[in-house]
1. If amide H atoms are built 1.01 Å from N in the plane of the peptide, which residues on other chains or at least 5 residues away come under 5 Å of the amide H of Leu524?
2. Say R0 is 22 Å: what FRET efficiency, to the nearest 0.05, do Ile118 and Glu82 get from their beta-carbon distance?
3. In terms of Cα to Cα distance under 12 Å, which aspartates and glutamates are near enough to Lys119, apart from those fewer than 8 places away along the same chain?
4. Could you quote the convex hull projected area for the chain, Cα atoms only and averaged over all directions, in nm²?
5. Angle check, please: helix 165-175 long axis (alpha carbons) against the longest principal axis of the chain (alpha carbons), in degrees 0 to 90, nearest 10.
6. When the convex hull of the Cα atoms of the range 78-149 is projected onto a plane and the area is averaged over all directions, what value comes out in nm²?
7. Within 10 Å, count the other beta carbons around each residue, average over each peptide in 266-278, 300-312, and list them highest first.
8. For helix 600-610, report the angle its Cα long axis makes with the longest principal axis of the Cα atoms of the chain; keep it between 0 and 90° and round to the nearest 10°.
Amino acid sequence: MTWLTTQEAARLLFCDVSAIRKKAKNKEIMSKKEPGKGRGGEKLFILLESLPEQAQNAYYNKKGECLPVVNTDYTYTKAQREKGELRALAVIEHRKYQKEMMGRGIKKKTDIMDSFVIKWNTEHPDFRITSKSLYDWRKKSKTGKVENLADKRGGYNRGESSIPEKYQNYFSSLYLQQTKPSLESCFKETQLYANQNGDIIPGIKAFRLFVKGMSYALLTRYREGEKAFKDTCEPYTERDYSLLAPNDWWVADHHLWDVFVRIPDGKGGWKLARPWGSYWMDMRTRKMISSIIRIESPNSDVVLCSFGLGVEHFGVPKGVRLDNGKDYKAKDLFYDDKYICSEEEQNKIFNSLAANLQIEYTYAIPYNAKAKPIERVFNTFESQLGKMFPSYAGSNAKKRPEDLKDLDIMEVITLEEFIVRHNKYVYEIYNNDPHSGKAMYKQSPNHWYSELEFTLRRVSKDVLYFSLMRVKGTRVVGRNGITFNGVHFYNDNCINYIRQKVLAKYDPTKPEILYVFDLNENFLFIAEEVPQIGWSLNQEDYEQMNHRNKVARQKALNNYTADNVIRSTESIGERLNRQAESAGQSPIAKPKKMEIIRNGKLEETVRRITLSDIERNYEDTLKQERERKLAVTSKQKELAERFKNNMLERAYRNQA
């Protein structure tokens, strides 16, 4: 047997010495007195084996052993046991009373219980009960077992609700993780860690209170992640939308609809898919400018086409605010400065859509919904339009309607029908509905777009057409034309540019045609997709092949044949007269407020397209002749300067 001082026992049970003396006096724990320094000349000792098992294990752990300290056997005070015994007596007496009443023919148990409660309270005025209490006790123990009916709240660590700082930190390191471990598992690990150190810590309720006292920001940062913390806890910048005018800034983004549509599967049947939407919205008025709905994932082509639709109807915005996706950072759309790595690359910035139309652009903060107001509009679209369809799938599995799995595929809306209803909602309902956003004052997007004064920026149809072309960098002309996306594009003029590098541009809506430019962005020719033929050739196929080769041969030879007539002074004068006669100024439009965007390079391209091949070749020849003469003049000046310096040097030597 091991005897402990009252101080040692108090440390093991996390209570005061007075509580230990009280337990010993009430015979809850075994004790003895020996002569010594204490009350009445006697010192009180406590028997270790009479303490709860977890307290004994904690004692031995401090001595170097490793025993579990888990509170499986609940302890209770003498008063708690006495109260438990009275509850057990009530349960036992009720069983006897119920048996007796049912023997007399009374079958309704609630009446029997009510009469028993009245009888018990009359006989035991110091321990009154209710029907509900008696019912709960019978559920815990039908036989009236004291251990099951005693109040076990509190116990060996009663009075100790504070968690030592050491174990607070250890518990926090376990609990504050993005894997979101449960509080119970973290408490269990902390308890085992305390066992190894020979310490007793408060129960799980104390740790629940500890977690409840943690700040929401701390829990969000370490259990939800950095993005959730920034979205819900960090302060954000509030912008004054009233300072903007319509068309100052457009914002763009893609949205995957939470609605299934029905599309052909290519095998004569149907399959389900969720459509993608690509949108442009005016930031000041929240007006939806343009959109494209399709099944394929978004790319740079759909960004360009949707932007072109908006510009065609509402003019050119001064700036655009874009998502960080690579489809928005294509070099020929909105060129990002960080991609410029050399002078040659920097010159290519003039190929971009933003440079051609003089548009300012910025990119939103990645993974930040507040940086792109259009994402909040998507929630409105889903709630007002998406949820109208029976094929609505919800934003995640938890929000998915249960009856979706029972929906027949023929009851699902087709893609074409969805596009019609989508456009009806977006442009006729949403754009005309009152808006509760900042600086909207309960007015609709169309109201503010028509009421607010702004400068309409327009560009000519031809310049816009070439600005909206995709640029796919340099291509080398081969014998069968220009290869693009694994397809050959050919023009009869290709033979004159074999093994030369050219620039290829195309209209995403007409991918079968390529516009070919030289490296200085001078237009050369239009190349069309080369049709492929089968293996069984007929006479018509041979005639087409021979004609194509004949034209190519003539093109190549004509470039080296001197044409004295076309180079004569009379011919040059006639052509110049025709050009002068055909040149005419476009009438000047007189809108209320108009700003014309000029692009010399593209205007020159448009002019060269209108010329014939002979006229373009002539211009190129004159240009080469001027460059040759300029080079000869520079060489003559250099020789004259060198001769002058030699003569002066010789004169100085003669004088010396």
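1. Val516, Phe517, Asp518
2. 0.40
3. Once the sequence-local aspartates and glutamates are set aside, what remains near Lys119 is Glu93.
4. Values: hull surface 279.1 nm².
The Cα convex hull of the chain, projected and averaged over all directions, gives 69.8 nm².
5. Helix 165-175 sits roughly 50 degrees off the main axis of the chain.
6. On the way: hull surface 18.2 nm².
For the range 78-149, averaging the hull's shadow over all directions gives 4.5 nm².
7. 300-312, 266-278
8. It is inclined by approximately 50 degrees.
Values quoted throughout were computed directly from the atomic coordinates according to the rules given, and no laboratory measurement underlies them. Quick caveat: nothing in here was measured; it's all calculated off a predicted structure. Reconstructed Cβ throughout: ideal geometry from the backbone, glycine too, with neighbour counts over all protein chains shown.
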